[in-house]
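In what follows, a structure is listed as structure tokens, so that the remarks can point back to it.
No value in this document is a laboratory result; all are computed from the given coordinates. Small disclaimer: the values here were computed from a predicted structure and weren't measured. Note that we place each Cβ from the backbone using ideal geometry, even for glycine, and neighbour counts take in every protein chain shown.
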Amino acid sequence: MRWACVLVLLIPVAARADEADDALALQLAAVLRDPRLELRERVEAAHTLAKLGPKAAAAVPQLQAQVQRSRGVELENLQLAVIETLGAIGAPARTVLPALARVSGRSIDIDIAQKKATDQILLADDFRDILALMRQLRGRDASLRLRATKAIGALQTEGILALPALTVALEDEDGDVRRGAIAALRLIRPDTLPRKEIAKALQLDLKDDNDSNRLAAVRALARLGDAAIPALPLLEGLLSDPDGEIRKAAAAAIARIGQQ
């Protein structure tokens, strides 16, 4: 008996909570699928599952089966409730997307619910991916941090959640990561860039050994206007750069920034 108590105490609290969520979700799904019960009770079970959100993931296979089987006007309220529940569950319901696509055309209300649920599932999956990429941005491996900036940038406006993390990445010790963060920010929010932070990051590139990086930084600073004023001393230093194209670009940038 004493050993049994010890084993119970060793079970992680989170694991027990997950098991409880799974059990509740499966019980509610059983109510939802029981044709002997009143329709009102089955719909209410679906609504309760929806309130659990991703914690109701264990019920997804049964919800999918219900979506495929529920037909007819008399069951439309149940169909709608199940579809809405799948949307509320989010990313764990991704496997149901093909089944959801097949319910299209049953009614206008079901079409609306199907589109909304599909969007919710896909957006939840993107949200999860963004969180993983944001963690990757804080990792020790510079190549993985760079890869994260590119992946977030590829999401374009859907990567908006990562804007603070990308702004922090502008101070990264690795030049490629800084440049990747700048590129991602331009793709996600081109009209409201953190211009001062970008200008500060570009100033580091003005000291880069690579001619192409220095030239690109000079041209980018010129486009930032008054946010690039702190970079003027470094730009003036580039007027004597060994590369003639950089000297020319630095002179043009100084003139342009000075007009602000």
Once both axes come from the Cα atoms, what is the angle between helix 244-258 and the longest principal axis of the chain, in degrees from 0 to 90, rounded to 10? 80
Three-way shape call for the range 194-260 based on the alpha-carbon gyration tensor, with the a/c threshold at 1.5: oblate
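Among 134-143, 51-60, 224-233, what's the highest-first ranking by average C-beta atoms within 10 angstrom per residue? Intermediate values should be presented prior to the final figure.
Values: 134-143: 13.7, 51-60: 19.1, 224-233: 17.0.
So the order, starting with the most tightly packed, is 51-60, 224-233, 134-143.
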Suppose a student asked you for the relative contact order of the chain, using Cα pairs under 8 Å spaced at least 6 residues apart; what percent would you report? 9
Please say if the range 13-124 is rounded, prolate or oblate, where rounded means a/c under 1.5 for a ≥ b ≥ c the square roots of the C-alpha gyration tensor eigenvalues, and otherwise the choice is prolate for a/b larger than b/c and oblate otherwise? oblate
Please compute the net charge surrounding Asp176, taking Lys and Arg as +1 and Asp and Glu as -1 over other residues with Cβ under 13 Å from its Cβ. -1
How much net charge surrounds Gly237 when only the other residues with a Cβ under 14 Å from the Cβ of Gly237 are counted, with Lys and Arg +1 and Asp and Glu -1? -2
Just from its helices, what would the mean residue ellipticity at 222 nm be for the chain, if runs of 4 or more DSSP H residues each count -39500 (n - 2.57) and the sum is divided by every residue, rounded to the nearest 500 deg cm²/dmol? -22500 deg cm²/dmol
Just order 203-212, 149-158 by mean Cβ neighbour count inside 10 Å, highest at the front, would you? 149-158, 203-212
